[in-house]
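Each reported figure results from applying straightforward, stated rules to the coordinates on display, with no laboratory input. Quantities reported herein were computed from a predicted structural model and do not represent experimental measurements. All Cβ positions, even for glycine, are placed from backbone atoms using ideal geometry, and neighbour counts span all protein chains on display.
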Amino acid sequence: MDIPNSLRRSAHALTHDWGRRTVIGIPYLFLFVLFTVPFLVVLKLSVSETDGIRFLDLLSYADGVVHLKIKLSNYLFLGSDPLYVETYWSSIKFAGINTLICLAIGYPFAYFMARSPANRRPALLMLVSLPFWTSYLLRVYAWKGLLDDQGVFNNVLIWLHLIHQPIRMMHTAFSMTIGMVYAYLPFMILPLYANLVKMDLRLLEAAQDLGATPWQTFWLVTVPLSKNGIIAGAMLVFIPSMGEYVIPELLGGPSTLMIGRVLWDEFFSNNDWAMASAVAVSMVMLILVPLAIFYRYRADTGGVRGV
Amino acid sequence: MPQTNQALLGEGEAAHRDIAGRTGDGSFVRIDRLTKRFDEVAAVDGVSIDIRKGEIFALLGSSGCGKSTLLRMLAGFETPTAGSIQLEGAEISPLPPYERPINMMFQSYALFPHLTVFENVAFGLKRDRMSRDRIAETVEAMLNIVQLKPYAKRKPHQLSGGQQQRVALARCLAKRPKLLLLDEPLGALDRKLREQTQFELHNIIKKVGVTCVLVTHDQEEAITMADRIAVMSNGRFLQVGQPHEIYETPNCRFVADFIGNVNLFDGTIEAVAPDHCVVATNGGRLTVGHGITGGPGMAVSVALRPEKIELSREPPADRASNCFSGRIADSGYFGRYSVYRVTLAGGMKLQVAITHSERNGDLFVSGEEVYATCQPESLVVLGA
């Protein structure tokens, strides 16, 4: 009795699913072709043996035996050479510092933007996204003119007789951090704003009604409820600044070795593609593994719904 | 029981109680000429009221009448433009919300979605720097009262609407507030649940003994829950009284019309006696069973509730009652009762509600000639 009915239903579900699968499938296909495949190519390069100039296949067949050769020496070298280890650490450190500063500046900014009168918000949003109208490269480059020994800041300070010698700001951790914060701040502000503007303000009233001071209300209600915005913003800042190449190249110095720079050198200065691939794979893993654990954890706890 | 009319009657029990419902001393919350203006528009306009300890006081009105603004001023979320709010004789209007011994149950509850039921109820207690053990004890006791102890570890989104409402109530009551504020407490529940919750909520509040101000636009909710009701319109109180006073003795057309269904006759006074008066109306001459302060010629309205009218096919023997003849225009069957609309001789439509006290009771049909009668005591004269 039930069979024709359920059959019809599943047939309907199939056609229904078709449209859905297509819509979901297109971006997945895009990611597969342009991310997964290149990544696998890079992964293969990092573990392949070379005969001087050519990379050898991982699988080879000779005398009735299938040989699988995986060369781990690049990775072993990566783990033992202090240059790489330190560069990874330094990348994590600068990306972390950048994320924290962006959060410290971006959170209050997003908060007041979300709490400002609704008719003023589009203008404020516009201001946040305004820098994107100019090329990223040019904007980073412009900091050179501001921070140089002969730059605007030093000249003004000397002219005001506050200093006599120019302060060395360019090619230091300071100049690079400023550049990173400047470039990545909007990526922190936008998700935070999107989260905070949706927040149910009655929850803040409820907290105050129950005896929480405004400061307690902020830490006990606003911050926990904006957790998803904080995480999204932090990811958007931390991950790309980890592999950042342009800013360390233009504004950084010898003390600010970043993995993006090392990667470039391996590929284009040393022409050691195998080593460069190993560096790239390690970097992706370094970011992906914590991310995967994090999302797994969120899936388990269900996260915070409704906010 | 003789009906008295506060607006028109000079003597009797209404005389020593002004519109503010002041009852002399012993007031717990005293609101005095409280005003709140938003851009020159008065949302609350010089309201004065005394609320007794342990009383459930309802603010009833349609949306935009100022009831929520008044409640938010009590909670501390709005600053009064003028006037004062005293709690046990102490002025509280300058205090921020978190320093007032007042807790509010928000419309749609405003439970913290990131905290469990237990943590939600404990939130206010933690602010009081209570010890861990005492907090656990108090929260458990509160959850027992609202019968949600097994749900302590759940998050709000895992609860039904009725359960969320009880968590919200427990969260307010946990702080042992001197004054409990309820903002449309049943507004987010569906009809069946409302009726059940109405009584539950009333019982819990009475058991705890907390003084309570509740805001609602639902007259039924106000009537069943409150000890006293203030009907609000345009930022002012139109009438303050016990539910039966508001229902049976409305003091103006607005109140009569807002609470329940009512037939309103327009007319002029013909004769006035100490215990009754006669009004010539568009529905005929009516004898009203209470005296009034006005004199003949004064324009008034006469209110008559649909359930206070009887219908019959024969003319009534009792000539003392008011009697209209008419024709059934249409009818509606509601199970418990039927509502008929009777077109009177003068063209006016009279709404009549007849309770079905018998299972196979007689139903009137459209087009039937009927006589509608009501006792003089059922009528109330209102200012026109």
Discussion item. Taking the number of other C-beta atoms within 10 Å as the exposure measure, put A:Phe39, B:Phe324, B:Phe112 in order starting with the fewest.
Written reply: A:Phe39, B:Phe324, B:Phe112
Worksheet item: If you project the alpha carbons of region A:105-200 onto the principal axes, what extent comes out on each, in Å, largest first?
Response: 53, 28, 21
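For region B:261-383, state the average projected area of the convex hull of the C-alpha atoms over all orientations, rounded to one decimal in nm². Kindly include the intermediate steps, with their values, before the conclusion.
Details: hull surface 30.0 nm².
Answer in nm², one decimal: 7.5.
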Discussion item. For a test of understanding, tell me how many lysine pairs in chain A have Cα atoms under 24 Å apart, given they are 8 or more places apart or on different chains.
Written reply: 5
Worksheet entry | Residue mean of other protein chain beta carbons inside 10 Å, A:198-206 | 5
Worksheet item: How fast does region A:155-307 diffuse by Stokes-Einstein, in µm²/s, taking the Kirkwood radius from C-alpha pairs at 10 °C and 1.306 mPa s?
Response: 83
Worksheet entry | Over 33 Å [Cα-Cα, chain B], rounded percent | 43
Worksheet item: Taking the convex hull of the alpha carbon atoms in the protein assembly as shown, what volume per residue do you get, in Å³?
Response: 303
Practice prompt. Consider just the alpha-carbon atoms of region B:331-384 and return their Rg together with their Dmax, both in angstrom.
Written response: 13.1, 41
Response to the item:
Between the alpha carbon centres of region B:44-75 and region B:303-348 the gap in Å comes to 37
Worksheet, complete the sentence: Proxy exposure order for A:His171, B:His202, B:His157, A:His164 (fewest C-beta within 10 Å first) is A:His164, B:His157, B:His202, A:His171
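How big is Rg to Rh over region A:6-115, alpha-carbon atoms, Rh as the Kirkwood inverse-mean-distance radius? Display every interim value, and only then the final one.
Working: Rg = 24.5 Å, Rh = 20.1 Å.
Taking Rg over the Kirkwood Rh, I get 1.22.
Step through the table entries B:Lys155/B:Lys206; B:Lys36/B:Lys67; B:Lys126/B:Lys153, compare each Cα-Cα distance with 23 Å, and write down the pairs that go over it.
On the way: B:Lys155/B:Lys206 28 Å; B:Lys36/B:Lys67 11 Å; B:Lys126/B:Lys153 17 Å.
Correct reply: B:Lys155/B:Lys206.
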Discussion item. Can you give me the C-alpha center-to-center distance between region B:123-153 and region A:158-201, rounded to a whole angstrom?
Written reply: 45
Worksheet item: What is the Cα centroid distance between region A:243-300 and region B:237-299, reported in whole angstrom?
Response: 85
Discussion item. Using DSSP to call loops (not H, G, I, E or B), can you name the trypsin sites (Lys or Arg not before Pro) in region A:186-233 whose Cβ has at most 16 other Cβ atoms within 10 angstrom?
Written reply: A:Lys198
Worksheet item: Can you give the Kirkwood hydrodynamic radius of region B:144-264 from its Cα pairs, in Å with one decimal?
Response: 15.8
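Return the tail of the calculated pair distribution for region B:103-213, meaning the percent of Cα-Cα pairs more than 25 Å apart. Walk me through the numbers on the way to the answer.
Details: 759 of 6105 pairs.
Pairs farther apart than 25 Å: 12 percent.
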Worksheet item: ³J(HN,Hα) across region B:179-185 via Karplus (A = 6.51, B = -1.76, C = 1.60, θ = phi - 60°), whole Hz, x for Gly/Pro?
Response: 9, 9, 10, 10, 9, 6, x
Item to complete: List the residues whose amide H sits under 5 Å from the amide H of B:Ile309, counting only those 5 or more places along or on another chain, with H placed 1.01 Å from N in the peptide plane.
Response: B:Ala353
Response to the item:
Within 10 Å of the Cβ of an average residue in A:112-119, the count of other chain Cβ atoms is 0
Discussion item. Classify chain A from the C-alpha gyration tensor, please: rounded if a/c falls under 1.5, else prolate or oblate depending on whether a/b exceeds b/c.
Written reply: oblate
Discussion item. What aspartates and glutamates does B:Lys175 reach when the alpha-carbon gap must be under 18 Å and sequence neighbours fewer than 8 apart in one chain are set aside?
Written reply: A:Glu205, A:Asp209, B:Glu88, B:Glu99, B:Glu119, B:Asp128, B:Asp133, B:Glu137, B:Glu140, B:Asp183
Worksheet item: Taking amide H positions as placed 1.01 Å from N in the peptide plane, with prolines and chain starts having none, which residues 5 or more places from B:Leu214, or on another chain, fall under 5 Å of its amide H?
Response: B:Phe57, B:Ala58, B:Leu59, B:Leu182
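How long are the three semi-axes of the equivalent ellipsoid of region B:58-137, in whole Å, if each is the root of 5 times an eigenvalue of the C-alpha gyration tensor, listed from largest down? Working shown, then result.
Working: eigenvalues 156, 66, 18 Å².
With the √(5λ) rule applied to region B:58-137, the semi-axes are 28, 18, 10 Å.
For A:Ser129, A:Ser175, which order do you get if you count the other beta carbons within 10 Å of each Cβ and list the fewest first? Walk me through the intermediate numbers first.
Values: A:Ser129 11, A:Ser175 24.
By the 10 Å Cβ count, ascending: A:Ser129, A:Ser175.
Grab the other residues whose beta carbon is less than 9 angstrom from that of B:Thr116, score K and R as +1, D and E as -1, and report the net. Numbers along the way, then the final one.
Working: positive: B:Lys153, B:Arg154, B:Lys155; negative: B:Glu119.
Residues close to B:Thr116 contribute a combined charge of +2.
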Item to complete: Per DSSP H run of n ≥ 4, the term is -39500 (n - 2.57); total these for the protein assembly as shown, divide by its residue number, and report the mean residue ellipticity at 222 nm rounded to 500 deg cm²/dmol.
Response: -13500 deg cm²/dmol
Item to complete: For helix B:132-145, report the angle its Cα long axis makes with the longest principal axis of the Cα atoms of chain B; keep it between 0 and 90° and round to the nearest 10°.
Response: 20
